[in-house]
Amino acid sequence: LTLESELRRAIERQEITILYQPIVRLEDRSIAGFEALSRWDHPKLGRMSPSEFISIAEETGLIVDLGMFVLDQTAKQLSVWQRAMRSRDPIFASVNVSSRQLLRHDLIHDIRTVLSRSSVARGTLKLELTESLVMENPEHAAQMLTRIRELGTGLSLDDFGTGHSSLAYLQRFPFDTIKIDQSFVRTTSRGTRPVILKSIIALAHDLGMDVVAEGAETDSDAVELYQMGCEYAQGFAFGEPMDADAAMRLLTEVR
Ligand code: G
Ligand code: G
Ligand code: MN
Ligand code: NA
């Protein structure tokens, strides 16, 4: 069997596992949401990370079914979490979307279907897209993203700072959140990037966007980010990607 046909079968048989990594409010370290991260449990090769199979999925078009599976599972899981913690601010969940799903497929139809099958609070299902994805076809991407926002879906700009789009482009797309790439964040405790970080945070806030710092690995990263005005962070300092039950325990444990 080729990897392609194995992946096709794995998607059909739902052998893709979704892990969830917490995104916390730096103010009080409470959980604001989770990012969904796929894993493929291959019978011989073991647990594979997206870097090993997303490109195959993209090239073969399998990403459309895989993406729908991840969206659907995540929305269902999000409804379960929200029901379990009814009294507090509803948490969000964000799902990574690849180029083919947005630009060469009817993602809007998929999102409508997923939202109609689940009962997530409006605005709490979010998509993550990278700069390089939206820059492949800025006009088309901007149109699609505007329609997706109208469905009540949040939009995060992922890996911010690694692409080569101009900052001016930020205003052309209806993102509500930017996620600062790990490469800027992981070095905060060594003090090499504070100027860049502070500027990105201030710019995002001026544009009315929330900011999530990715790759916060230590407590001092978290403290420094908060001092720089960043309100959300994700990283090993707060939790690694975990299964849905572990996420549920984290949400419902008495703090
Ligand atoms: O979890 P990990 O570090 O291995 O993720 C690597 C990359 O794979 C991340 O950049 C993430 O955006 C991407 N990724 C994870 N899950 C998915 C998914 O379900 N769909 C797509 N398109 N990308 C994903
Ligand atoms: O590209 P994207 O931002 O979606 O990538 C998310 C990936 O980053 C996940 O696969 C996750 O495993 C990884 N990751 C999350 N937190 C940390 C961290 O604190 N340090 C490092 N090195 N990687 C992280
Ligand atoms: Mn991401
Ligand atoms: Na990222």
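Bear in mind these aren't lab numbers, they're just calculated from the coordinates by the rules spelled out. Computed from a prediction, not measured in an experiment: that's the story for all the values here. Cβ sites come from the backbone with ideal geometry, for glycine too, and all protein chains shown count toward neighbours.
Across region 91-100, a minimum of one residue is classified as without any contact (Cβ under 8 Å) to a residue 60 or more places away in the chain, under 23 Å from L125 (Cα atoms), in contact with a helix residue (DSSP H, G or I) (Cβ under 6 Å, 6 or more places away or on another chain) and of a type in the set (K, R). Evaluated against (1) among the basic types (K, R); (2) away from ligand 3 (no atom under 16 Å from the Cβ); (3) touching a residue at least 24 places away in the same chain (Cβ under 8 Å); (4) over 21 Å from S132 (Cα atoms), R186 falls short on exactly one condition, (2).
Selection of region 206-250 for residues being within 24 Å of L129 (Cα to Cα), within 16 Å of ligand 1 (Cβ to nearest atom) and part of a helix (DSSP H, G or I) yields A244, A247.
Among the numbered conditions (1) more than 16 Å from ligand 3 (Cβ to nearest atom); (2) without any contact (Cβ under 8 Å) to a residue 40 or more places away in the chain; (3) not in a helix (DSSP H, G or I), the only one that S199 does not meet is (3).
Among strands (runs of 3 or more DSSP E) entirely within region 10-66, having at least 2 residues that are surrounded by 21 or more Cβ atoms within 10 Å (Cβ to Cβ) and not aliphatic (A, V, I, L, M) singles out 16-25, 31-42.
Looking for something under 15 Å from the mean Cα position of the chain (by Cα), within 16 Å of ligand 4 (Cβ to nearest atom) and loosely packed, with under 14 Cβ neighbours inside 10 Å - is there at least one such residue anywhere in region 240-247? Checking region 240-247: at least one residue is under 15 Å from the mean Cα position of the chain (by Cα), within 16 Å of ligand 4 (Cβ to nearest atom) and loosely packed, with under 14 Cβ neighbours inside 10 Å. Determine if region 4-22 includes at least one residue that is in contact with a Gly (Cβ under 6 Å, 6 or more places away or on another chain) and either over 24 Å from E240 (Cα atoms) or away from ligand 1 (no atom under 12 Å from the Cβ) (or both). Within region 4-22 (the criterion being in contact with a Gly (Cβ under 6 Å, 6 or more places away or on another chain) and either over 24 Å from E240 (Cα atoms) or away from ligand 1 (no atom under 12 Å from the Cβ) (or both)), the answer is yes, since at least one residue qualifies.
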